[in-house]
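The values are calculated or read from the model by the stated rules, or taken from the named source; none is laboratory data. Keep in mind it's a predicted model, so treat the numbers as computed, not measured. Don't worry about glycine lacking a Cβ; one is built from the backbone with ideal geometry, like all the others, and counts go over all protein chains shown. In case anyone asks, the SASA skips ligands and DNA or RNA and just uses the protein heavy atoms, side chains included. Shrake-Rupley method; radii C 1.70, N 1.55, O 1.52, S 1.80 Å.
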Amino acid sequence: MLKTSKVIAGILSVFLGGVAFAQERGSVTNLPIPRFVSMKADEGNVRRGPSKTQRIDWVYKHRDMPLKIVKEYEHWRRVEDIDGQGGWMHFRLLSTARTVIFTEEKTPLRRRAYDGAEARAFAEQGVIGKLDECNPEWCKIFIGRENGWVKKTEVWGVDADELRE
């Protein structure tokens, strides 16, 4: 009976109502690992280990930059950027506000969530936008006063199976 319960619990942790859930949870926050966050500060040190005594490998210098948390330790979060580079940052430098970074040279922000929809504006590679709602293939993104729908494959900072209302 106990073995069956563990199997059922494992299945439920992966799929509940057809929506996939992260199996791993952070040891500090109990939030899913990995998960996306953004830089709260204008500048943030990325350290070799989870301590202020650890060497600073580099400094991120862009507020709202999307980052992926891949590990937690006390007040520290191990993050990765769009290039897969990472290190440890203090949790106070991070925000739960969701942002994305455009990965394509010129991406249309469309009025509706389909390929033939009219483009409202275009975003160049490296532009950061605020993430709004997402359906299985598209997300609504805000960049300053402009907004529009983009394919998930054209930005980094949102999971392929992520849905947002």
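Do we find that Arg78 is touching a strand residue (DSSP E or B) at 6+ places or on another chain (Cβ under 8 Å), touching a residue at least 24 places away in the same chain (Cβ under 8 Å), within 23 Å of Gly126 (Cα to Cα) and open to solvent by 70 Å² or more (accessible area, probe 1.4 Å) in this structure?
When the stated conditions are applied, Arg78 passes them.
Kindly evaluate Glu133 against the criterion of being touching a residue at least 12 places away in the same chain (Cβ under 8 Å), in a strand (DSSP E or B) and buried (at least 16 other Cβ atoms within 10 Å of the Cβ).
no
Going residue by residue through region 112-121, is there one that turns out to be open to solvent by 30 Å² or more (accessible area, probe 1.4 Å), acidic (Asp, Glu), at pLDDT 95 or above and within 30 Å of Asn30 (Cα to Cα)?
No, the conditions are met nowhere in region 112-121.
Just the residues that are closer than 23 Å to Gly129 by Cα and either hydrophobic (A, V, I, L, M, F, W, C) or open to solvent by 20 Å² or more (accessible area, probe 1.4 Å) (or both), please, taken from region 38-48.
Once the filter is applied, which keeps residues that are closer than 23 Å to Gly129 by Cα and either hydrophobic (A, V, I, L, M, F, W, C) or open to solvent by 20 Å² or more (accessible area, probe 1.4 Å) (or both), region 38-48 yields Met39, Lys40, Ala41, Asp42, Glu43, Asn45, Val46.
Is there a residue in region 136-158 that is more than 19 Å from the chain's Cα centre (by Cα), closer than 22 Å to Asp42 by Cα and not aromatic (Phe, Trp, Tyr)?
Checked region 136-158: at least one residue is more than 19 Å from the chain's Cα centre (by Cα), closer than 22 Å to Asp42 by Cα and not aromatic (Phe, Trp, Tyr).
In region 137-163, which residues are assigned to a loop (DSSP other than H, G, I, E, B) and open to solvent by less than 20 Å² (accessible area, probe 1.4 Å)?
Gly157, Val158
Of everything in region 49-65, what is among the charged types (D, E, K, R) and open to solvent by less than 70 Å² (accessible area, probe 1.4 Å)? Give them in sequence order.
Residues satisfying the conditions are Asp57, Asp64.
Determine, yes or no, whether Val79 is among the β-branched types (Val, Ile, Thr) and closer than 15 Å to Arg35 by Cα.
So Val79 passes the test.
This table checks each residue for (1) open to solvent by less than 100 Å² (accessible area, probe 1.4 Å); (2) outside any strand (DSSP E or B); (3) within 21 Å of Glu24 (Cα to Cα); (4) small (Gly, Ala, Ser).
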position: Leu67; (1), (2), (3), (4): yes, no, yes, no
position: Val100; (1), (2), (3), (4): yes, no, no, no
position: Glu104; (1), (2), (3), (4): yes, yes, no, no
position: Thr107; (1), (2), (3), (4): yes, no, no, no
position: Ala123; (1), (2), (3), (4): yes, no, no, yes
